[in-house]
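K.L.:
What follows is a single structure, and I will ask about it in a moment.
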């Protein structure tokens, strides 16, 4: 299969439900888009997203960052591809990695990022731990999808500084997120009614 065909298959799979990268837009918490953009994408009303240089860099850097994470944490990371929730098929995702134990059991998830602006990411010297909000919601979505209790984020900033973060499952935030995304999927996308935002 060619890269173009692979991308077309990937885009088609993404339209079959809500993915981690959709969540912050649906919740009105993203600087990269809003619920209306997700709605149009799910119904095929907008063109495919264009690959910019930052996206290409992220794709190319991902294996290297996974390797850095695995080495730093003495961890085994596997890739699992496209996942569908076992009870709610509209909850979907394609996590960057899953950390497994010696028995190959899933223990936590892994999200890989690159970035050029360090001020959006806390350092070891900051009193408060923070990552860009879009990524926090993406990880919370994957925890709901997989039922895993933790999601780690490994980021390479300016192609030189490696940092990693831990996000733990929070039932209150998760329930609110699922409620709003469920409404969006069934009341907007399925009924073809544009969201107001």
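K.L.:
Need the full-extension length gain, residue 8 to residue 166, defined as separation in residues times 0.36 nm minus the C-alpha distance. One decimal, nm.
P.N.:
53.6 nm
K.L.:
Sticking with this one: Using the Cα gyration tensor of region 78-121, with a ≥ b ≥ c the square roots of its eigenvalues, what is the shape: rounded (a/c below 1.5), prolate (a/b larger than b/c) or oblate (neither)?
P.N.:
On the way: a/c = 2.97, a/b = 1.43, b/c = 2.08.
It comes out oblate by the Cα gyration axes.
K.L.:
Write down the percent of antiparallel bridges among all DSSP beta bridges whose residues are both part of the chain, to the nearest 5.
P.N.:
Bridges in the chain are about 70 percent antiparallel.
K.L.:
When a footprinting reagent is the concern and you count Cβ atoms within 10 Å, what order do 140, 158 take, fewest first?
P.N.:
158, 140
K.L.:
Using the count of nearby Cβ atoms within 10 Å as a rough guide to exposure, how do 80, 189, 38, 9 rank from fewest to most? Working shown, then result.
P.N.:
On the way: 80 15, 189 21, 38 26, 9 12.
Ordered from fewest to most neighbouring Cβ atoms within 10 Å, 80, 189, 38, 9 come out as 9, 80, 189, 38.
K.L.:
Please arrange 21, 76 by how many other C-beta atoms lie within 10 Å of their C-beta, fewest to most.
P.N.:
76, 21
K.L.:
Another question, if that's okay. Along Cα→Cβ, 7 Å out, is where each label goes; now give me the distance between the ones at residue 191 and residue 106 in nm to one decimal.
P.N.:
Each label point is offset 7 Å from its Cα along the Cβ direction, giving 3.2 nm.
K.L.:
Further question: Who wins for biggest fluctuation among 109, 28, 47 in a Gaussian network model of the chain, springs between alpha carbons below 10 Å?
P.N.:
47
K.L.:
OK, next. Provide the FRET efficiency to the nearest 0.05 for the residue 158-residue 59 pair, computing r from the beta carbons and using R0 = 22 Å.
P.N.:
The calculated FRET efficiency here is 0.80.
K.L.:
Write down Rg/Rh for the chain, rounded to two decimals, with Rg from the C-alpha atoms and Rh from the Kirkwood relation over Cα pairs.
P.N.:
Numbers: Rg = 16.8 Å, Rh = 17.6 Å.
Radius of gyration relative to Kirkwood radius: 0.95.
K.L.:
Next question, about the same structure. So how far, in whole Å, is the C-alpha centre of region 94-131 from the one of region 156-178?
P.N.:
6 Å
K.L.:
Relative contact order of the chain: what whole-number percent is it, with Cα pairs under 8 angstrom and at least 6 residues apart?
P.N.:
That works out to 24 percent.
K.L.:
Is the shape of region 107-176 best called rounded, prolate or oblate, per the rule: a/c under 1.5 gives rounded, else a/b larger than b/c gives prolate, else oblate, with a ≥ b ≥ c the square roots of the Cα gyration tensor eigenvalues?
P.N.:
Prolate, since a/c reaches 1.5 and a/b exceeds b/c.
Every number in this text was worked out from the coordinates using simple rules, so none of it is lab data. From a predicted model like this one, the values you see are computed outputs, not experimental measurements. Cβ coordinates were reconstructed from backbone atoms using ideal geometry, including for glycine residues, and neighbour counts include every protein chain displayed.
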